[in-house]
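*Asks:* I am attaching a structure below and will ask some questions about it afterwards.
The values are calculated or read from the model by the stated rules, or taken from the named source; none is laboratory data. Bear in mind that the values here come from a model prediction, so they are computed numbers and not experimental data. So basically every Cβ, Gly included, is an ideal-geometry build from the backbone, and we count neighbours across all protein chains shown. Each accessible area value is taken on the protein alone, full model and side chains, heavy atoms only, with ligands, DNA and RNA left out. Shrake-Rupley method; radii C 1.70, N 1.55, O 1.52, S 1.80 Å.
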Amino acid sequence: MKRSPKLLTVAAATTLLLALGASGASAHVSVNPDTTTAGSYALLTFGVPHGCGESSTTKVSIQIPEPITSVTPTVNPGWDVEKVMVTLATPIDDGHGGQLTERVGEIVYTARTPLPDGYRDALVLSTKLPDAVGETLVFPTVQTCQEGESAWVQVAAEGEDPHDLELPAPTLTITEPEEAHGDVETVSDEATSEAASADGTDGTADAAGSADEPSTLPLVLSGVALVLGAAGLVLGGAAFARRPKA
């Protein structure tokens with residue numbers, strides 16, 4: 001079956017657009033969090049997809065936004081890692097009865113062997129996200145190479161499409177926490193109460209009343225005993241009938 005040349009042209013164009021979109025998305029140094037929930041602990045994975053032009057990457061410096069005070073970088077066997085501390089203008093509560101006077105301002109990964117252009121690596125940071133639903137966190141990142149560097153620090157202005165930026169900074173937006181399971185239980189309890197009111201009961205079992213009701217277990221056991229006794233008589237009679245006569 002032959003396909004129409006027009007259909008082939010459309011399919012080829014679609015494939016090309018998808019390929020260009022994928023290559024454009026993967027060309028940036030980006031951050032991929034395993035969660036964006038406010039107040040949660042998150043693993044932030046920074047992807048380094050290529051060098052500067054065709055030059056190998058030697059260092060990646062990630063600036064940490066001010067709302068984040070503590071960061072734990074994951075050890076990567078191909079890189080040396082350093083936490084750069086900055087002094088806070090005003091000490092803040094550390095949540096344990098003390099105060100923080102400094103915070104992690106930057107994480108610097110230095111390649112033990114330059115990462116060649118065309119090869120990808122991932123650098124992972126662990127941190128607690130702030131309780132700031134809707135806030136966008138920006139992680140300006142400078143990628144240094146054997147020849148030149150790429151400063152991924154551009155932030156889209158209001159109304160500007162981030163995809164139009166040449167060197168966009170990695171960003172993530174804080175989202176609302178998921179609904180607690182307790183809310184579901186409360187609704188279930190309320191529904192049970194309403195149903196009980198509808199049929200004139202209070203929706204609870206009367207333990208005392210249940211205890212006073214006669215139990216049917218003795219009757220059942222007595223019936224079983226009678227059946228077993230009758231079966232014994234029948235078997236005994238049959239055995240007597242089969243006994244040889246003297």
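*Asks:* Inside the range 150-167, can you point out the residues that are outside any loop (DSSP other than H, G, I, E, B) and either in contact with a Leu (Cβ under 8 Å, 6 or more places away or on another chain) or at pLDDT 95 or above (or both)?
*Replies:* Ser150, Ala151, Trp152, Gln154
Here is a yes/no grid of residues against (1) under 14 Å from Val29 (Cβ atoms); (2) open to solvent by 60 Å² or more (accessible area, probe 1.4 Å); (3) of a type in the set (Phe, Trp, Tyr); (4) not in a strand (DSSP E or B):
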residue	(1), (2), (3), (4)
Ile92	no, yes, no, no
Leu100	no, no, no, no
Pro114	no, no, no, no
Gly118	no, yes, no, yes
Leu123	yes, no, no, no
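*Asks:* Check off (1) open to solvent by less than 30 Å² (accessible area, probe 1.4 Å); (2) under 23 Å from the mean Cα position of the chain (by Cα) for Lys128 and give me the number that stays unchecked.
*Replies:* (1)
*Asks:* Which pairs turn up if I take residues in the range 154-165 that are closer than 12 Å to His28 by Cα and in contact (Cβ under 8 Å) with a residue 12 or more places away in the chain and look for partners that are open to solvent by less than 70 Å² (accessible area, probe 1.4 Å) and outside any loop (DSSP other than H, G, I, E, B) with beta carbon separation below 6 Å, at least 6 apart in sequence or on another chain?
*Replies:* Gln154/Pro168
*Asks:* Residues being closer than 21 Å to Val84 by Cβ and part of a loop (DSSP other than H, G, I, E, B): count how many of those fall in the range 125-140.
*Replies:* The qualifying residues number 4.
*Asks:* Tell me, yes or no, whether the range 1-11 has at least one residue that is open to solvent by less than 60 Å² (accessible area, probe 1.4 Å), more than 23 Å from Asp161 (Cα to Cα) and modelled with pLDDT under 85.
*Replies:* yes
*Asks:* Shifting gears a bit: Please determine, by comparing only the residues of the range 131-164 that are more than 29 Å from the chain's Cα centre (by Cα) and hydrophobic (A, V, I, L, M, F, W, C), which one is nearest to Ala38 (Cα to Cα).
*Replies:* Ala157
*Asks:* Can you pull out every residue in the range 131-171 that is among the small types (Gly, Ala, Ser), closer than 16 Å to Thr57 by Cβ and crowded, with 16+ Cβ neighbours inside 10 Å?
*Replies:* Matches in the range 131-171: Ser150 only.
*Asks:* Could you count how many residues in the range 52-71 are part of a loop (DSSP other than H, G, I, E, B), more than 22 Å from His163 (Cβ to Cβ) and either modelled with pLDDT under 95 or not polar (S, T, N, Q) (or both)?
*Replies:* 7
*Asks:* Criterion first (loosely packed, with under 15 Cβ neighbours inside 10 Å, in a strand (DSSP E or B), at negative phi and in contact (Cβ under 8 Å) with a residue 12 or more places away in the chain) does Val84 satisfy it?
*Replies:* Spelling it out, Val84 is indeed loosely packed, with under 15 Cβ neighbours inside 10 Å, in a strand (DSSP E or B), at negative phi and in contact (Cβ under 8 Å) with a residue 12 or more places away in the chain.
*Asks:* Please state which of the following conditions Val31 fails to meet, knowing it meets all the rest: (1) at pLDDT 95 or above; (2) surrounded by fewer than 18 Cβ atoms within 10 Å (Cβ to Cβ); (3) assigned to a strand (DSSP E or B).
*Replies:* Val31 satisfies all of (1) at pLDDT 95 or above; (2) surrounded by fewer than 18 Cβ atoms within 10 Å (Cβ to Cβ); (3) assigned to a strand (DSSP E or B) except (2).
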